[in-house]
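Undergrad: First the structure, which I've put down as structure tokens, then a few questions once you've had a look.
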Amino acid sequence: MVLMACGGNGSGSPDAPAGDGAPSGKKIFVTSADFTAGFAFGMIDADGAALADQQCQSAAVGAGLGGTWKAWLSRSPTLDVPGRTAPERITGEGPWHLVGSNELVFLNRAALANTPRVPINRNELGVLIASGNVWTGTDVGGSYGVRGDCNQWTTSNSGVSGTVGRLDVTTSEWTAVSAGQACGQRAHLYCLEM
């Protein structure tokens, strides 16, 4: 009698993962570098959020991650442009896994309106960052953060504030702590692969 195994992935072992064993979907990390909030400081008519995206892209490329990346940032409702809130700026559908640990952070794009499943506390190299603030401009649910956006991410003036989150939590404070932070202080960025 000959028994035949069904399923598998052609690797010779029905229980072996497909490909390299990495989860399917996209990646997410927090930048190892921290920044003052004036991504477009001194640049007339510059898009501060787009320049923050460039920081994410640069960090990802430097770490060999490839792909296209955007920062989790919202901008003032007075700015009449598409992609004003962080969820609107994120065009990928997910799921998003944490760089370095491959833990599931957000199942899909709709889940970005909730809290992350695990803290977003690993940088582009997968190294753990124990604590710190993250520029977001975003309240829970993805709306514009009432504590500000540092003049649409164009100023590092310490007399102006911006909404920040904490990278070491899975509560609503992941994207919005109770008080804004002075734009001249430093914070990280959350970067999501598109």
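Undergrad: For residue 54 and residue 114 in the same chain, what is the full-extension length gain: residue separation times 0.36 nm, less their Cα-Cα distance, in nm?
TA: Taking 0.36 nm per residue and subtracting the Cα distance, the gain is 19.1 nm.
Undergrad: Suppose a student asked you for the relative contact order of region 26-193, using Cα pairs under 8 Å spaced at least 6 residues apart; what percent would you report?
TA: 33
Undergrad: Another question, then. Which ³J(HN,Hα) values in Hz, rounded to whole numbers, follow from the phi angles of region 124-136 under the Karplus curve 6.51 cos²θ - 1.76 cosθ + 1.60, where θ = phi - 60° and Gly and Pro get x?
TA: Running phi through 6.51 cos²θ - 1.76 cosθ + 1.60 with θ = phi - 60° gives 4, 9, x, 7, 5, 10, 5, 7, x, 9, 9, 5, 9 Hz.
Undergrad: Label region 26-193 by shape, choosing from rounded, prolate and oblate, from the square roots a ≥ b ≥ c of the eigenvalues of the Cα gyration tensor; if a/c is under 1.5 it is rounded, and otherwise prolate applies when a/b is larger than b/c, oblate when it is not.
TA: It is rounded, given that a/c, with a ≥ b ≥ c, falls under 1.5.
Undergrad: Further question: What net charge is computed for the residues neighbouring residue 93, neighbours being all others with C-beta under 12 Å from the C-beta of residue 93, Lys and Arg scored +1, Asp and Glu -1?
TA: Counting the neighbours of residue 93, the net charge comes to +1.
Undergrad: Still on this structure: Where Lys and Arg each count +1 and Asp and Glu each count -1, what net charge lies around residue 161 among other residues with Cβ under 15 Å from its Cβ?
TA: So the environment of residue 161 carries a net charge of +1.
Undergrad: Pull out a ≥ b ≥ c, the square roots of the eigenvalues of the alpha-carbon gyration tensor of region 96-140, then state rounded if a/c is under 1.5, prolate if not and a/b is larger than b/c, and oblate in the remaining case.
TA: oblate
Rule-based calculations on the coordinates, nothing more; no lab input. Predicted, not measured: the structure shown is a model, and the values here were computed from it. A quick note on method: Cβ atoms are made from the backbone with ideal geometry, for glycine too, and the neighbour counts reach across all protein chains shown.
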